[in-house]
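The values are calculated or read from the model by the stated rules, or taken from the named source; none is laboratory data. What you see is a predicted model; the values in this text were computed from it and never measured. In this analysis, Cβ positions are derived from the backbone assuming ideal geometry, glycine residues included, and neighbour counts consider all displayed protein chains. Calculation scope for accessible area: heavy atoms of the full protein, side chains included, ligands and nucleic acids excluded. Shrake-Rupley method; radii C 1.70, N 1.55, O 1.52, S 1.80 Å.
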Amino acid sequence: LVLLTPTTMLKGTMPHSSDEIYLAAIEGGGTTFVVSVARVIKSDGDSNGDDITFQIGPTSLQLLHTATIPPKNTDTGEILNLTPTQIIRDTCAFLSRHLPPCGYYSAVGIATFGPAGVNPTQTHNYGTILSGSPKREWRNIDLLTPIKRACGLDDDGMEGRVGFDTDVNAPALAEFRHRCYLQQQQTEQQQSQNLPLTSLSYITIGTGVGVGLILNSLPMHGLLHPEGGHVAIQPLENDTFAGYSWGKEKSPYGGVGTVEGIASSVALTERYLQMEEAGNEKDDDGNKNNIDNAQTREVLSTLPDTHPIWTHASNAIANLCVSLLLLTSCQKIVLGGGIMKRTMLYSMVRQRVWRILNGYLDSVDELSEESKLDDVIVESSWEKMGSGLVGAFALALDAYEKDAKGAEKKQSSTSVVPYSEKKKSGTDDEQRLFTSGVLAGMGLSFGCVLLTSFLGRGVHYRR
């Protein structure tokens, strides 16, 4: 299995076959979009060793084209600042440029940052970034309409070929499908006696903090979608950090004492700048450090693993994990996102979770020992490739499969009867017609006899 770094541009050749399944996927972030095209692999001989492939459950896909919009400058490492309109324009241009030979994709999946309108029955905001987003420039931006058009899926009857959800619910769906498949394989090989997986949580910690939930084997929605990154947590003792600046407007608790207000890259960078007494320093242009600029947040990559900000981050993440265990009783918690590239955080989070739980759930076998948390709080299955992008492909795959099943069901109700059934049915009809004809003939003959008898009596009477 070969994995891909999502900032790589691939140039593949699309096989020209009418029955090929081509999927488009978009991972929408507030700074960059990752857009990709893949083909479903139908058999082991359907790809070669040079292909870049990945797997979601039993389904294998060949990655054909991928790009990050806007791209990072390879010399300076800077990311070009584009407006939402420009990012969507370039994303749609990429999708149009790589359209399959048939002129449309089999399905498209869009996994976006939130809050977003994910309920298709609420047509006034479905497919948009909602007005409550802390990213002001993205508020009320319609993602779905232009992307559907670029994918050739804006015609009537194609609505079912689109999957739209958050960039945390989508990876949660992908992780759930994949881990259920692996568990099934292990069970068949008698290597696992675990309870069937029915619940999973995916947490991404990056520019913000998001939570995706699968409960009773289905993505959780409701009034909106999970917004677990904004729950309040218990900060470390004597923590005086006043919360991140993004939380002051339209964020619960004003961004103070929340998971995102402590563990996100924005919050960690602001904490670092304050600790270094550099919050008011001027840069070469005489401007204050701009936390909205992704380049400013790159300072986190230069800090050692022993820096105290990671202790604050692990505590906040652990608080969220405990809340999820207590509220949802989920079987797996998958941690992903840019901050979790600091792999030492996994052990720090597990240790802190064990301490916060304080033995409360040790009657549950999976939580009876600290070491068993290694199998409960886990890494993403596709962190090198990007869980958000794989999640978008999972949305596309899910949409395609559901739409295909719906089409099969509709076709079966109006399908043409096979010739053998026609022949049998025709024979039965002929027999029924023959019987009806005989009976009708007998009735007609009997009626004629009665009529003749009656007329005969009438003539005799007149004589």
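Residues with beta-carbon under 11 Å from that of residue 32, excluding residue 32: net charge, scoring Lys, Arg +1 and Asp, Glu -1? Don't skip to the answer; put the middle values down first.
Details: positive: 72; negative: 27, 90.
Result for the local shell: -1.
Taking the Cα centre as origin and putting +1 on Lys and Arg beta-carbons and -1 on Asp and Glu beta-carbons, what dipole magnitude results for the range 121-188, to the nearest 20 debye? Each step should come with its number before you reach the end.
On the way: 8 positive and 10 negative charges, 52 e Å.
It works out to roughly 240 debye.
For a paramagnetic label modelled at 7 Å from the Cα of residue 124 toward its Cβ, which residues of the range 163-200 fall within the zone defined by backbone nitrogen distances under 12 Å?
Output list for this probe position: empty.
When the solvent-accessible surface of protein heavy atoms is calculated with a 1.4 angstrom probe, in what order do 177, 149 fall, highest first?
Details: 177 50, 149 135 Å².
So, going from the largest accessible area down, we get 149, 177.
Based on the Cα atoms of the range 164-269, what semi-axes does the equivalent ellipsoid have, where each is the square root of 5 times one gyration tensor eigenvalue, given in whole Å with the largest first? Intermediate results must be reported in sequence, preceding the final value.
Details: eigenvalues 226, 47, 24 Å².
Taking √(5λ) for each Cα gyration eigenvalue gives 34, 15, 11 Å.
Quote the FRET efficiency, to the nearest 0.05, computed for residue 275 versus residue 215 with a Förster distance R0 of 41 Å and r equal to the Cβ-Cβ distance.
Values: r = 39 Å, r/R0 = 0.95.
The computed FRET efficiency comes out at 0.60.
Just name one of 101, 126, 84: the one whose Cα is farthest towards the positive end of the charge dipole of the range 80-176 (beta-carbon charges, Lys/Arg +1, Asp/Glu -1).
So the residue furthest toward the plus end is 84.
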